[in-house]
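Worksheet: one structure, shown below.
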Amino acid sequence: MSTHAHADMLPRGTLVIAGALVLFALTMTSAMRIAHVPPAASPVLMREQAHVAPVTSRDLRFVDRADGAVVIEDVGRRTTAAIIAPGQKTGFIRGVMRGLARERRSRGIGDGPPFNLTLWRDGELSLTDMATGRAIELTAFGSTNRAAFAALLDANSASPAGRGA
C-alpha cells in the first residue's frame, strides 16, 4: 500500500493560473476568429496594394573569399559593388546574409541566384532573395543598419562597405 505524498504535487494556485492562461488564450483566439480580424499584412502586400513603385533597385550577389572578405557583385552591371574586408564593422550585412544563406542551404540552393535590393518610393528599403522569395524589410532594423545596405544602391560604389553596421 502506498501513501500519497502531497509534496510531489504542484501548488493549487499554480494549476489555477496555468488553467486560466490556457482559457484566456483560447478565448482570445476564438474572439479574433469570430470577429474576422484580418492578420497583419506584410509590407510586400501593403506596397502592392498601395501601388508603391520602386525608386531604384540593384541585383546583388554576395561571394565569400578565402581571406574572409565578402565581395558584393552587381549582377546587372557585372561590376563589384563593394568589398567587405575582414574586421570591418559590417556585422549587420554579414548577419543578414548568413541567415539568408542558411535558408538557401536548407533548400539546396547555391549562391548563384542574386538578391534584389530595392528602395521604394515610401522610403522603405528591402532585400529580396530571388531564389526563395523571402523579403527582409531593412528599415525595421534602424537607420545605421539601413544605411549599410542603402550604400550598396549607389551605382558608382566600388569601395569597401565599412560604413555603418
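The values are calculated or read from the model by the stated rules, or taken from the named source; none is laboratory data. These figures come from a predicted structure and were not determined experimentally. When we count neighbours, we look across all protein chains shown, and the Cβ atoms used for this are built from the backbone with ideal geometry, even at glycine.
Overview of values
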| read-out | value |
| --- | --- |
| Top-ranked residue in the range 32-63 [being of a type in the set (Lys, Arg) and assigned to a helix (DSSP H, G or I); ranked as surrounded by the fewest Cβ atoms within 10 Å (Cβ to Cβ)] | 33 |
| Residue 95 assigned to a helix (DSSP H, G or I) and either within 18 Å of residue 145 (Cβ to Cβ) or hydroxyl-bearing (Ser, Thr, Tyr) (or both) | yes |
| Which listed residue is at pLDDT 80 or above, part of a helix (DSSP H, G or I) and out of contact with any helix residue (DSSP H, G or I) (no Cβ under 8 Å at 6 or more places or on another chain), from 19, 76 | 19 |
| Selected residue [crowded, with 17+ Cβ neighbours inside 10 Å, touching a strand residue (DSSP E or B) at 6+ places or on another chain (Cβ under 8 Å) and in a strand (DSSP E or B)] from 127, 100 | 127 |
| Every pair of residues 6+ apart whose Cβ atoms lie under 8 Å, when the first sits in the range 64-88 and is outside the structural domain of residue 117 (by TED's automatic domain parsing) and surrounded by 15 or more Cβ atoms within 10 Å (Cβ to Cβ) while the second is in a loop (DSSP other than H, G, I, E, B) and not hydroxyl-bearing (Ser, Thr, Tyr) | none |
| Residues satisfying the stated conditions in the range 43-53, i.e. closer than 20 Å to residue 131 by Cα and in contact (Cβ under 8 Å) with a residue 12 or more places away in the chain | 43, 44 |
| Subset of the range 130-157 that is β-branched (Val, Ile, Thr) and not in a loop (DSSP other than H, G, I, E, B) - its residue that is surrounded by the fewest Cβ atoms within 10 Å (Cβ to Cβ) | 144 |
| Options 35, 50: the member that is more than 21 Å from the chain's Cα centre (by Cα) and over 30 Å from residue 138 (Cα atoms) | 35 |
